[in-house]
Each structure stands twice: as structure tokens, then as C-alpha cells.
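Have a look at the structure below before the remarks.
The values are calculated or read from the model by the stated rules, or taken from the named source; none is laboratory data. Predicted, not measured: the structure shown is a model, and the values here were computed from it. Backbone-built Cβ (ideal geometry, glycine too); neighbour counts: all protein chains shown. Ligands, DNA and RNA are stripped out before the accessible areas are found, and what is left, the full protein with its side chains, is counted by its heavy atoms. Shrake-Rupley method; radii C 1.70, N 1.55, O 1.52, S 1.80 Å.
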Amino acid sequence: MLLSHSQMNVTGADLEIETIKEKVLKEAGRIMKPSFGKVINATGVVLHTNLGRAPLSPAAIEAVREVSEGYSNLEHRLDTGERGSRQEHLEPLLCRLTGAEAAVVVNNNAAAVLLVLSALAREREVIVSRGQLVEIGDSFRLPDIMKESGAVLVEVGTTNRTSLADYGKAIGEETALIMRIHQSNFRIVGYTEDVSIKELVELGRQHSIPVAEDLGSGSLVDLDAKGLSGEHTAGESIKGGADLVTFSADKLLGGPQAGIIVGSREYIESLLKHPLARALRVDKMTVAALEATLLEYLDPEGAWKKVPALRMLAEPPESVKRRAARLKRMLDRARPADLEYVVTEDTSRAGGGTLPTAEIQTFCLSLSHKRLSGAALEEMLRKADPGVLGRLKEDRLLLDLRTVADTEVPLLADIIRASA
Ligand SMILES: *Cc1c(COP(=O)(O)O)cnc(C)c1O
């Protein structure tokens, strides 16, 4: 490995052989340490986009390992010996789980929206309510993605109210698509009006215009039953008559990063023929992880236990409290002199632009340090190996145990002890 003098910060006074050796080893260690790796998510945000969104189920991890350590039948039909399509591993499951006729999977949901608009509405008009032109996060705005497809955006209604008549008036010769977008990361409350997918589909049918719905999260299971209301499932969109429905595989579905498009055979076929379908296609590891995740959903009650994102969202507060108490007991044994810590009640969030108003009761270990501010304690744990991310509240560091796995608790205790 080649290192320049400036990289090693060598000055004349440092030219002792031992000092140089030490500096070289330290610098080599720094360069060779991977930048990307594990962190402990104690933020309580279940689908934390910056922390990799959904953790995979053991079955999904095993499926990825199996297809990536050797060869696979990714695009080869073992029954006939002919060339196949990677989509064939996912389409039947997605159809079964949503009631759709056909499905295609691309790299992420932004890509799914781009493909739908590029294939169906390029240089033509797509009608969208002003109340649904969302910024997804990190300054990515859906209207910008839509424009990139070459579609002409026709905005109707106002921020808080859009009626069926608003859509009706906007329909003209150039209309290619009506699109409904799920409000994801915000809610408009008060004096509001919104048009359901069913009503839009009726309007679309009258004018022979397809209707697409971008669900963002697109759950495959009924969340209301677990007290997490406000999202409808991809199946409900299809039942409502949507011609195409797009959603992420790594939000509420709890799988790998991917964008799922389900809908009528005719429209899915036109997506598959578009050159972007090849540019946006998913790799074999994604196919493996997504197929394994979808298989869990064939038993919806089982999915609540086996898909980590669902399990974390639905875990009863008392069970999270037991994990917080376990972490506290582990620290008690080491008696870190400068740390003060108690188990406290607080609120977790779904994250990933889903269930924005859901306040999920949780339990945290609330830490403070005798000589350090909350911010300094936060920095110390963030820079540990692996990094621990919590949240600051009134100069205390809260470690939310909802997003910390049982198996991570001893490691978390070690890191806190070593840092304190
Ligand atoms: C999150 C989201 C997207 C983008 O999905 P990615 O999988 O992150 O690309 C698009 N539309 C809506 C409504 C979303 O909530």
C-alpha cells in the first residue's frame, strides 16, 4: 500500500522509526476498514431509510446466500430447458397476494413510477391532485420524477380539497393516465376532500383512460387489525379497480429494496416492452430475498411473526419493556460509574414515509452521563464499533428497544459499558 507523507501526517520530529511504523499501521487500518457496515438502530424508527429500511427475515437472508454463492436458475426454466424471465419467480406470488393479473418488479418504487409514466404517458398528460404531489425525503420530489418520464403533469384541485369534478374537467384529448398518489409521510386534516380509487376508476372507464395508484408503502396485510390504521393494502387498490399499483418492497412489506408494480396483464405487458424495464431490472439477490419474503405472506399471521419490520411494528409495549429491563440489568452488573440510566416510556415511529401519525407506545433506556452532555454521549455511541444510534430528548439519550433485536442486547450493553 502506498501512502504519501501528507497522508501519514509525518513531521520532522516524528521521524523515529517506531513512530513511523505506528502511523503507517494506523493509517493502513483506517483505509482497509469497510465504510459500510452494521449499526445498532436504537432510534425506534422501524423503517429508517438512512439505516437501510427493512431488516430481512432469516429465510430471505438464506435465500440470498444460496443464490449468490453459486449459480441459479435466474433466467433459465428447469422444466423445459428454455430461457426464462427473472420475473417468473415473483409474478405468481404477487398475483396471489394482491389479486392482480400480472406483476413486474424493478429496482425501487421511484423506478416503478418512472417506468409506469414513461411507458403509458410519455409526451402526454397525467392528471394528479395537488394534495398528492409529495416530496418523498432527501429532497426527492415525486413531480420531478414524473417530469423525468416525459409525461406532462396536469395538477387539479387544491392542497386540501380535490373533487371528482376537478378530475373530470381536466380530461382531454391528451390525457393518458389518471394517477392517485398515497400521501405517505404527511396527512392533511380538517377541511379536506379526496377522491377514492373506486371513483377515479369509474371516471377513467367512462373515458377509456387507465388509472394508476402509487401506494408508497403498499402493505400486503391488514394493519388496522393490529391497531396501525391508515394504509390500505395493495389488494384493496386492485379490488378498487386500479389498472396499475406501485409500491416499495422495503417499506411495510419488509423485504429488500425493490419497486413492485401489479395490475392488468395488458398494461404490465407494455411496461415489460419498454427499454427502461431492462435498465431498471432487479438483480438475483433481490429476486431471492423478495421471493422468500413474499412466501412468508402466504400465511399472513405467520408474516407478522417472521417479517422483522412487521414483528417490530406489532410487538406489544410490555415485551419491549422486558428487553429494556434486560439491557438495564446487564449494565447494573458492570456498574458504569459515570452513567445514570432508567427505563422510560416513549413513542416509536414506523418511518419510511409510512403511518406518519401513528404513535407506537414503546420503552427506552434513557441515559445521561455525569461529565458529558446528551449530545456528546450521542456522538460517543454513534462513533463506537458498531455505531449505536439513539435519539436525544431533553439532553438525555434515549435508546428505543423496539428496533433493537433480542440478540443485539448483549452487544449493546458491551458498547455502552466500553464507552462510559
Ligand atoms: C417512498 C415512496 C416512493 C419511493 O419509493 P422508493 O422505494 O424509496 O423508491 C414513491 N412514492 C411514494 C408515495 C412513496 O411513499
The stretch 79-127 and the stretch 139-157 have their Cα centres apart by a whole-number Å value of 20
Please report the antiparallel percentage of DSSP beta bridges with both residues in the stretch 58-306, rounded to the nearest 5. 45
Leaving out ligands and nucleic acids, and using a 1.4 Å probe, what accessible area per residue does the chain come to in Å²? 50
Want the number for A28 to R326: 0.36 nm per residue separation, take away the alpha-carbon distance, what's left? 103.4 nm
Alpha-carbon centroids, the stretch 10-68 and the stretch 221-240: separation in whole Å: 38
Each residue of the stretch 19-25 in turn: what ³J(HN,Hα) in whole Hz from Karplus with 6.51, -1.76, 1.60 and θ = phi - 60°, glycine and Pro shown as x? 5, 5, 4, 4, 5, 4, 5
Area accessible to solvent at R187, 1.4 Å probe radius, in Å²: 80
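How about the stretch 136-241: which chymotrypsin sites (Phe, Trp or Tyr not before Pro) there are in a DSSP loop, with at most 14 other Cβ atoms within 10 Å of their Cβ?
Values: sites: F140, Y167, F186, Y191; in loops: F186, Y191.
For chymotrypsin sites (Phe, Trp or Tyr not before Pro) across the stretch 136-241 that sit outside H, G, I, E and B with at most 14 neighbouring Cβ atoms in 10 Å, the list reads F186, Y191.
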Take the solvent-accessible surface of the protein heavy atoms, probe 1.4 Å, and return the percent of it on the chain that carbon and sulfur atoms account for. 51
Once the in-chain neighbours fewer than 8 apart are removed, the lysines whose Cα is under 17 Å from K370 read K393
Using a 10 Å cut-off on Cβ atoms, rank the peptides 288-296, 356-364 from the highest mean neighbour count down. 288-296, 356-364
Provide the descending list of Cα extents for the chain along its principal axes, expressed in whole angstroms. 80, 51, 46
Percentage relative contact order, the chain, counting C-alpha pairs under 8 Å, at least six apart: 22
Placed amide H near E193: partners under 5 Å, 5+ positions off or other chain: R161, T162
Pairwise label distance in nanometres, D224 with R141, each label 7 Å out on the Cα-Cβ vector: 3.4
If you take every DSSP beta bridge fully contained in the chain, what fraction is antiparallel? Give it as a percent rounded to 5. 55
Heads up, I need the accessible area for K284: 1.4 angstrom probe, whole protein in place, Å², nearest 10. 80
Size of electric dipole in the stretch 58-306: Cβ of Lys, Arg +1 and of Asp, Glu -1, about Cα centre, debye, nearest 20: 180
What distance in nm lies between label points placed 7 Å from Cα along the C-beta direction at T49 and E359? 2.4
